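Enquirer: Please read through the structure below; I'll follow up with questions.
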Amino acid sequence: MKIKERFFKVGEEWNVIHLPSKPNGFAIFIIGDINHFVQGNTSSWQQRPDQAKFIEELKNAGYTVVYSNLYGRNWGSDDACRLLKRLCDEVMKKEILNKKVHLIAEGMGALVAAKLVPKFEASFRSVVMINPCLSLKEYYNREKKNKLFYKRFLKELKKAYCLEEAELEKTISDMDIYNYQVMPVPSRIFYCMHATPYSLQSHVRPYEQMCNQQSNRVEVSIFLKSKPFEELAKHTIEFLKKHEQLL
């Protein structure tokens, strides 16, 4: 019986690789939002029906799909970036795949992509972002006003960055969107209005403007209604295939 997926650990974190029946030689690494997880034999992407169908569509198109628990709510920490790069390197050593991989980053996962891609440009082929969080500073300031959730959010940040509150404030004040480098690979953003806490004006538009100023265009698709993941699969695959001509 052919293995469809394999769970494995890198360090202390669980990861999963989904294997297509007819591989096209390209890999997609997914970086999830705050509610993503990978455990010993399951993941959030398998448990949510629309995300499971999204993965299935990617596999049907021939893609090898990989993702990690990545310390849970990592909020773009350096540890999460290092682990993802290590995971990429290990998968590339063990699987027969093109050395340039695609990234799909959902929500908070875009913070990892924004740090990692400019630093290791040669490792990445394209980036698709879905409802991205691209300014931790803006989101932090917004959550600060929300007394109900701020305590929990602060606890997550302290754990992710291994910092106390005073140091954290200073670190996050430097995490404005304009302090990031533009991701120097073909990029596309899917944004669903009313389906995300990361606003269009604070996260997507400033990044789009920054890309335009540097002649590094990002394609932005805005949907007025929430779209289940499975409905984004076709658009995602079309975009990825456009950037596979040069091996």
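Enquirer: Return the total of residues in region 58-76 being closer than 15 Å to Ser43 by Cβ and either among the basic types (Lys, Arg) or not assigned by TED's automatic domain parsing to the domain that holds Ile31 (or both).
Expert: 1
Enquirer: Here is a follow-up. Testing Leu168 on (1) over 30 Å from Thr236 (Cβ atoms); (2) touching a residue at least 40 places away in the same chain (Cβ under 8 Å), one condition comes back false. Which one is that?
Expert: The one condition Leu168 does not meet is (2).
Enquirer: Turning to a different aspect of this structure: Residues that are assigned by TED's automatic domain parsing to the domain that holds Ile30: list the helices (runs of 4 or more DSSP H) wholly contained in region 157-247 that include at least 3 such residues.
Expert: Because the criterion is at least 3 residues that are assigned by TED's automatic domain parsing to the domain that holds Ile30, the helices (runs of 4 or more DSSP H) in region 157-247 that meet it are 205-213, 229-242.
Enquirer: Of these, Arg73, Arg82, which one is without any contact (Cβ under 8 Å) to a residue 60 or more places away in the chain and either of a type in the set (D, E, K, R) or not in a strand (DSSP E or B) (or both)?
Expert: Exactly one of Arg73, Arg82 is without any contact (Cβ under 8 Å) to a residue 60 or more places away in the chain and either of a type in the set (D, E, K, R) or not in a strand (DSSP E or B) (or both), namely Arg82.
Enquirer: Let me ask something else. As an exercise: evaluate Glu12 against (1) closer than 30 Å to Lys155 by Cα; (2) charged (D, E, K, R); (3) under 19 Å from the mean Cα position of the chain (by Cα) and give the number of the one condition it does not meet.
Expert: (3)
Enquirer: Please work out which one of (1) more than 28 Å from Cys211 (Cα to Cα); (2) without any contact (Cβ under 8 Å) to a residue 12 or more places away in the chain is the condition Glu90 fails and give its number.
Expert: (2)
Enquirer: In region 33-70, what residues are assigned to a helix (DSSP H, G or I), under 16 Å from the mean Cα position of the chain (by Cα) and surrounded by fewer than 20 Cβ atoms within 10 Å (Cβ to Cβ)?
Expert: Answer for region 33-70, where residues must be assigned to a helix (DSSP H, G or I), under 16 Å from the mean Cα position of the chain (by Cα) and surrounded by fewer than 20 Cβ atoms within 10 Å (Cβ to Cβ): just Ser44.
Enquirer: Quick one: in region 91-123, of everything that is touching a strand residue (DSSP E or B) at 6+ places or on another chain (Cβ under 6 Å) and surrounded by fewer than 24 Cβ atoms within 10 Å (Cβ to Cβ), which residue is nearest to Phe37 (Cα to Cα)?
Expert: That would be Val91.
The values are calculated or read from the model by the stated rules, or taken from the named source; none is laboratory data. Note that the coordinates shown come from a computational prediction; the quantities given were computed from them, not determined experimentally. So basically every Cβ, Gly included, is an ideal-geometry build from the backbone, and we count neighbours across all protein chains shown.
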